[in-house]
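A quick write-up on the structure given underneath.
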Amino acid sequence: MTTILIVEDEQRIASFVEKGLRAEGFTTLWAPTGADGIFHATEGDADLIVLDLGLPDIDGLDALASMRGQGVTTPVIVLTARTTPSATLASLEGGADDYMPKPFRFEELLARIRLRLRAAAPVEQSAHILTHGDIALDLKERTIRANGVTSVLTAREFALAETFLRNPGAVLSRAQLLSRVWGYDFDPNSNVVDVYVRYLRKKIGTDRLETVRGMGYRLT
Ligand code: CA
């Protein structure tokens with residue numbers, strides 16, 4: 001799973017971003033202070049860092065300098081209300097990969113996160129194809145190929161397919177799939193997982209997703 005570290009003191013903003021990212025299948029980690037952010041960054045806990053500049057303990061730019069100074073190469077997107085050209089420049093010169101002025105639209109932040117993650121992906125992943133047997137998921141085009149047929153996936157179908165392809169042969173429970181694909185606040189009694197497994201089966205073949213009675217589903 002791809003983990004996004006959110007260094008942001010305002011809980012309202014942090015939970016807004018976390019909720020959105022989890023719904024897109026990311027794992028999130030919240031650091032309410034610069035010190036917490038530096039700790040997680042240097043521990044290598046994150047694949048990407050969203051960093052607020054106005055933090056209660058230290059300035060975000062100093063936190064960024066500290067991370068980079070300790071050899072952290074994780075992509076950083078700065079999120080801030082400071083929108084002067086000099087603040088933008090200071091962020092980029094300080095080692096940020098991108099810059100988002102507040103207020104921002106979640107979709108725009110998400111697009112930038114995806115872009116930075118792609119740019120940071122190791123070469124072997126540059127084809128953006130996840131495979132299992134003859135099933136191939138194109139992470140860039142959001143299509144899946146199985147039985148010689150390529151199908152376009154909706155956002156949820158894609159997140160579900162990606163979860164299965166990243167855990168081939170593992171039994172994934174409804175609760176695991178709900179939390180990874182729909183986010184933590186989804187009703188656990190919902191049958192949405194079964195509905196989307198059905199959608200996915202229509203695209204890749206019924207026998208590819210095995211129902212493991214009482215446990216969940218498995219990609220065969
Ligand atoms: Ca702040």
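Observations
- Boolean, ARG112 is free of Cβ contacts under 8 Å to residues at least 60 places away in the same chain and either within 17 Å of VAL7 (Cβ to Cβ) or assigned to a strand (DSSP E or B) (or both): yes
- Within the stretch 68-97, if we keep just the residues that are under 21 Å from the mean Cα position of the chain (by Cα) and over 19 Å from GLU18 (Cβ atoms), the residue that is surrounded by the fewest Cβ atoms within 10 Å (Cβ to Cβ) turns out to be THR73.
- From the options VAL152, VAL78, residue that is modelled with pLDDT of 90 or more, in contact with a Ser or Thr (Cβ under 8 Å, 6 or more places away or on another chain) and under 26 Å from ARG12 (Cβ atoms): VAL78
- Among residues of the stretch 28-61, those that are more than 17 Å from PHE104 (Cβ to Cβ), in a helix (DSSP H, G or I) and within 14 Å of the ligand (Cβ to nearest atom), counted: 4
- Scanning the stretch 1-10 turns up one or more residues that are surrounded by fewer than 18 Cβ atoms within 10 Å (Cβ to Cβ), without any contact (Cβ under 8 Å) to a residue 60 or more places away in the chain, within 16 Å of the ligand (Cβ to nearest atom) and under 18 Å from ARG105 (Cα atoms).
- Test: residue in the stretch 172-190 that is over 21 Å from the mean Cα position of the chain (by Cα), at pLDDT 85 or above, surrounded by fewer than 17 Cβ atoms within 10 Å (Cβ to Cβ) and assigned by TED's automatic domain parsing to the domain that holds ASP138: no
- Filter result (out of contact with any helix residue (DSSP H, G or I) (no Cβ under 9 Å at 6 or more places or on another chain) and outside any loop (DSSP other than H, G, I, E, B)) within the stretch 176-197: VAL195
- GLU18, sole failed condition from (1) more than 16 Å from the ligand (Cβ to nearest atom); (2) within 30 Å of PRO168 (Cβ to Cβ): (1)
- Taking residues in the stretch 62-86 that are within 14 Å of the ligand (Cβ to nearest atom), and partners anywhere that are hydroxyl-bearing (Ser, Thr, Tyr), the pairs with Cβ atoms closer than 7 Å and at least 6 places apart or on different chains are VAL78/SER91; VAL78/TYR99.
The values are calculated or read from the model by the stated rules, or taken from the named source; none is laboratory data. Predicted model only: the values in this text are computed from it and were never measured. Neighbour counts are summed over all protein chains in view; Cβ atoms, including those assigned to glycine, are modelled from backbone coordinates with ideal geometry.
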